[in-house]
Amino acid sequence: MILFVDETECKDYFIVAGLLTESKSKTDDAFKRFKKKVKNFPIPPKKKEKLFTEFKSVLLDKEYQKIKVCMLEHIDSLNYSVIYSVYKKDGNKFNQDIKERIYLQLLNNIVLNIDEQIDIIFDTFNKKDFEEKIINSIKLNHNVLSIIQQDSRLEFGLQFIDNICSVIRLHIDRKESTLYYLLSNYYEVN
């Protein structure tokens with residue numbers, strides 16, 4: 001099993017989420033089918049180039065909701081689970097040190113709630129010391145076979161979980177219909 005991990009936040013919440021799938025190859029195949037299906041959508045060339053470099057949730061949520069729906073449908077073709085953990089922020093006291101500590105705690109909550117042996121790929125922070133802290137901390141869990149960071153532009157599973165994170169964030173922040181949240185295999189752990 002493989003766990004793709006990303007995080008998101010809004011004014012009141014910090015969320016870490018994981019997409020647990022059978023394998024990287026099946027996840028990559030689902031992404032390639034999704035990309036093939038949307039390649040002929042009517043999109044201006046410059047935007048298409050940007051969009052197809054990395055299917056970021058910010059762009060899909062704002063301008064290309066049909067592509068987002070298509071992506072979520074392709075995720076549903078996988079044998080998967082989405083596991084996430086949420087931290088309610090304490091006012092303005094959410095600096096980088098606290099964020100890093102909370103990220104580790106939330107990721108650990110997710111990993112501890114998975115019974116299978118897993119490989120983990122998390123989105124890079126471009127902060128080497130923090131990435132090493134994540135790896136060294138999380139690899140101590142008995143079910144973690146490996147853990148690496150990866151650039152989301154290069155890892156399809158991370159592009160999937162980025163978009164899932166936005167669904168969870170909008171659901172928790174009550175800013176969007178919960179249709180896809182309710183229809184999908186998502187569950188919260190603490």
Exercise. Looking only at the stretch 120-137, decide whether some residue is within 25 Å of D28 (Cα to Cα), aromatic (F, W, Y), modelled with pLDDT of 95 or more and surrounded by 17 or more Cβ atoms within 10 Å (Cβ to Cβ).
Key: yes
Quiz item: Does the stretch 84-118 hold any residues that are in contact with a strand residue (DSSP E or B) (Cβ under 9 Å, 6 or more places away or on another chain) and exposed (fewer than 12 other Cβ atoms within 10 Å of the Cβ), and which are they?
Solution: K88, E116, Q117
Quiz item: Within the stretch 162-182, is there a residue that is within 23 Å of Y13 (Cβ to Cβ), of a type in the set (F, W, Y) and either in contact (Cβ under 8 Å) with a residue 24 or more places away in the chain or in contact with a Phe, Trp or Tyr (Cβ under 8 Å, 6 or more places away or on another chain) (or both)?
Solution: yes
Self-check item: Tabulated pairs, the stretch 116-129, first assigned to a loop (DSSP other than H, G, I, E, B), second open to solvent by 90 Å² or more (accessible area, probe 1.4 Å) and not small (G, A, S), C-beta under 8 angstrom, 6+ apart or interchain
Solution: Q117/L145
Quiz prompt | Flag if I120 is out of contact with any Ser or Thr (no Cβ under 8 Å at 6 or more places or on another chain) and among the β-branched types (V, I, T) | solution = no
Quiz item: With respect to S81, is the statement that it is within 21 Å of V167 (Cα to Cα), surrounded by 19 or more Cβ atoms within 10 Å (Cβ to Cβ) and in contact with a strand residue (DSSP E or B) (Cβ under 8 Å, 6 or more places away or on another chain) true?
Solution: no
Practice problem: Output the number of residues of the stretch 66-92 satisfying the condition of being within 15 Å of the chain's Cα centre (by Cα) and more than 27 Å from F41 (Cα to Cα). | Solution: 6
Quiz item: When you scan the stretch 148-181, how many residues do you find that are at pLDDT below 65 and under 17 Å from L78 (Cα atoms)?
Solution: 2
Self-check item: Considering residues of the stretch 1-22 that are surrounded by fewer than 20 Cβ atoms within 10 Å (Cβ to Cβ) and part of a strand (DSSP E or B) only, the residue nearest to the chain's Cα centre (by Cα)
Solution: E9
Quiz item: So how many residues does the stretch 134-156 have that are assigned to a helix (DSSP H, G or I) and in contact with a helix residue (DSSP H, G or I) (Cβ under 7 Å, 6 or more places away or on another chain)?
Solution: 4
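The values are calculated or read from the model by the stated rules, or taken from the named source; none is laboratory data. Note that the structure is a prediction, hence the values are computed from the model and not measured. Note: ideal-geometry Cβ built from the backbone for every residue, glycine included; neighbour counts use all protein chains shown. Protein only, heavy atoms only, side chains kept; ligands, DNA and RNA dropped before computing areas. Shrake-Rupley method; radii C 1.70, N 1.55, O 1.52, S 1.80 Å.
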